[in-house]
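Participant: Quick one: the structure is below, questions incoming.
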Amino acid sequence: GPLFISDTNGNKVFRRTTKTSDFGSGSFDFELADELLFGRWRIRATVGGIESERTFEVKRYVLPAFKVEAALDRTFYAPGQPIKASVVARYFHGAPVANARVKVEDVTGRTDEQGRFEASIKLPKQYGTELTRGDADVRLEVEVTDGADRTESTVARTVVSRDALKVWVLPEGGAVVKGEANRFFIVTAYPDGALAKATLSFGDREIESTGV
């Protein structure tokens, strides 16, 4: 299906229709104009009748004072499960940003002598909506402020899902044809999008799947 990119005012600035590979992936190039609106842009794609949407930030580039990295202990989480975030702040010449103020969502503290900080954030037990079947994308805002009162930030992204494994059954032509033999594609994947090996049962039959 088509893919759209909209700017912060909702103006559609890019449209592309492309075919995905046998593994369900595809790619495209999009070049930003010299004159554009800064803010949160939106990308929307439709594949096999399933629509997905993501946002991304477009802003003026400013040379940062230091680099902040944030890593999470998992690629996806269940509702109510704690997220363990590891933050590392370093100046570009390699020295750690020691004893700096850190904020990861509502958790605050200071980096150690190696410029590191560990945070544990517990997710709510209820997440997402019935429309998304309890799934949601989560953004963790991370801010680090050094001794010179310079603040740099980053975002750690993850997925929350009440299902440990996702299964999609897609008819070859996009719809089931009554009275005809229909061919179906079955996709098994983890909530983070990685294809999953799984055993599929159909009555007394079992099929081994590598994802598709």
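Participant: Please list, ordered by first then second residue, the pairs with beta carbon atoms under 6 Å, 6 or more apart or interchain, first in segment 61-76 and under 28 Å from Arg162 (Cα atoms), second open to solvent by 100 Å² or more (accessible area, probe 1.4 Å) and not hydrophobic (A, V, I, L, M, F, W, C).
Facilitator: Asp73/Lys84
Participant: While we're here: Anything in segment 151-176 that is among the acidic types (Asp, Glu) and under 21 Å from Ala189 (Cα atoms)? List them, or say none.
Facilitator: Passing the criteria: Asp163, Glu172.
Participant: Okay, next question. Just for segment 90-114: of the residues that are touching an Asp or Glu at 6+ places or on another chain (Cβ under 7 Å) and open to solvent by 50 Å² or more (accessible area, probe 1.4 Å), which one is nearest to Thr145 (Cα to Cα)?
Facilitator: Ranking the candidates gives Lys103 first.
Participant: Which members of segment 171-195 meet the condition of being assigned to a strand (DSSP E or B) and open to solvent by 50 Å² or more (accessible area, probe 1.4 Å)?
Facilitator: Passing the criteria: Phe184, Phe185, Leu195.
Participant: Strands (runs of 3 or more DSSP E) wholly in segment 37-154 with at least 2 residues that are in contact with a strand residue (DSSP E or B) (Cβ under 8 Å, 6 or more places away or on another chain) and among the acidic types (Asp, Glu) - which ones?
Facilitator: 50-58, 136-145
Participant: Contact list please: Cβ distance under 6 Å, first residue in segment 186-208 and over 20 Å from Arg54 (Cα atoms), second residue of a type in the set (Ser, Thr, Tyr) and open to solvent by less than 60 Å² (accessible area, probe 1.4 Å), pairs at least six apart or on different chains.
Facilitator: Qualifying pairs under 6 Å: Thr188/Ser209; Ala196/Thr188; Ala198/Thr188; Ala198/Ser209; Leu200/Ser209.
Participant: Let me ask another. So, in segment 181-207, of the ones that are among the small types (Gly, Ala, Ser) and more than 23 Å from Ser21 (Cβ to Cβ), which residue ends up farthest from the chain's Cα centre (by Cα)?
Facilitator: Ala181
Participant: Moving on. Of the numbered conditions (1) in a strand (DSSP E or B); (2) among the hydrophobic types (A, V, I, L, M, F, W, C); (3) under 30 Å from Gly173 (Cα atoms), Phe30 satisfies every one except a single condition; which is it?
Facilitator: Answer for Phe30: the failing condition is (1).
The values are calculated or read from the model by the stated rules, or taken from the named source; none is laboratory data. None of the values given here were measured: they were computed from a predicted structure. A quick note on method: Cβ atoms are made from the backbone with ideal geometry, for glycine too, and the neighbour counts reach across all protein chains shown. With ligands, DNA and RNA removed, areas are computed over all heavy atoms of the protein, side chains included. Shrake-Rupley method; radii C 1.70, N 1.55, O 1.52, S 1.80 Å.
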